[in-house]
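Engineer: Sending over a structure as structure tokens; questions will come in a sec.
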Amino acid sequence: MTGYGKSILELPEKKITIELRSLNSKTFDLNTRIPSFYREKELEIRNLLSEKIQRGKVDFSMMVELNPAARNQSLNADLIKKYISEFKEITPEVTDAELLPVVMRMPDVISYTQDELNEDEWNQIRTTILEAADALNKFRADEGAVLEKYLRLNLNNILQLLTDVTPFEKVRIETIKDRFAKRMDEQKIDVDQNRFEQELIFYLEKLDITEEKVRLKNHCEYFLKELESIESNGKKLGFISQEIGREINTLGSKSNHSEMQKIVVQMKDELEKIKEQSLNVL
């Protein structure tokens, strides 16, 4: 599920911004951008986020703005010259003076003298990371509430369409009986009436959709019940959607009636919307 979370920590000597972005994924896949000064904490950051965030392709970004007045700084002259040289290979007509403002914004051209990371600072950063994760989860929860609304609408549409099938069931049976009787009259075939009735009943039993209707209704109600769960159940909803699809397909193969087939097509359309949206559920 997509999401975004951000938190800012203001310290006397620096400003630290934590940003989290997530996209849909079947597993938890974390990509980090951490300044070298804090790289030793990457494993702990990964453990923190894996506990707070369920599934998704997550981008973690930690940006640090140091206060020059509070830190000793020096220019990396060799790196600046290298940047200018590379830029001039691309745009030889530009002067060094014109390139310098651009180069000064490049990474690592200014280095700062920093002390070792102390525990108090890290605890504050850790809290900030957790705040960003909470913000991302809230974003996801808000999006999930919207998804739930649409999923319920689609499921209820399928249930309503299921009730729309009922009026055509009896008509369908009568139509089949009349068609068989008409064919028998046209062919002038003299048959044993009892045997004919037995064969007709056997044929009609194959077209009976009572069990499919019951199972489809149960699957839909199960899906709606799972939407109320506070646990991560996106995969389960996907499995239930597959079962719903099987019952709808069987209804279509047994319908043998144009109006019923139209209803089945509408059911499939609603189910496709459900499957698409279910991919966004954790």
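Engineer: Looking at the structure I just gave you, is ILE189 of a type in the set (A, V, I, L, M), more than 18 Å from the chain's Cα centre (by Cα) and at pLDDT below 65?
Structural biologist: Values: of a type in the set (A, V, I, L, M): yes; more than 18 Å from the chain's Cα centre (by Cα): yes; at pLDDT below 65: yes.
When the stated conditions are applied, ILE189 passes them.
Engineer: Out of THR127, THR113, THR166, I need the residue that is modelled with pLDDT under 85 and more than 30 Å from VAL264 (Cβ to Cβ). Which one?
Structural biologist: Details: THR127 fails: modelled with pLDDT under 85; THR166 fails: more than 30 Å from VAL264 (Cβ to Cβ).
One residue alone meets the criteria, THR113.
Engineer: Among the numbered criteria (1) over 12 Å from LEU161 (Cβ atoms); (2) in contact (Cβ under 8 Å) with a residue 24 or more places away in the chain, which one does ILE248 miss?
Structural biologist: So the condition that ILE248 fails would be (1).
Engineer: Hey, among GLU243, GLU228, GLU270, GLU247, which residue is acidic (Asp, Glu), assigned by TED's automatic domain parsing to the domain that holds THR210 and out of contact with any helix residue (DSSP H, G or I) (no Cβ under 6 Å at 6 or more places or on another chain)? Steps first, please.
Structural biologist: Details: GLU243 fails: out of contact with any helix residue (DSSP H, G or I) (no Cβ under 6 Å at 6 or more places or on another chain); GLU270 fails: out of contact with any helix residue (DSSP H, G or I) (no Cβ under 6 Å at 6 or more places or on another chain); GLU247 fails: out of contact with any helix residue (DSSP H, G or I) (no Cβ under 6 Å at 6 or more places or on another chain).
After ruling out the rest, the residue left standing is GLU228.
Engineer: When you scan segment 1-108 for helices (runs of 4 or more DSSP H) that lie fully inside it, which ones turn up with 3 or more residues that are farther than 16 Å from ARG126 by Cβ and charged (D, E, K, R)?
Structural biologist: Working: elements: 42-52, 77-90, 96-103.
Filter on segment 1-108 gives 77-90.
Engineer: Contact list please: Cβ distance under 7 Å, first residue in segment 96-118 and polar (S, T, N, Q), second residue modelled with pLDDT of 80 or more and not in a loop (DSSP other than H, G, I, E, B), pairs at least six apart or on different chains.
Structural biologist: Listed by first residue and then by second, the contacts come to GLN114/PHE37.
The values are calculated or read from the model by the stated rules, or taken from the named source; none is laboratory data. Predicted model, so just to flag it, every value in this text is computed and none were measured. Every residue, glycine as well, gets a Cβ built from its backbone with ideal geometry; the counts of neighbours run over all protein chains shown.
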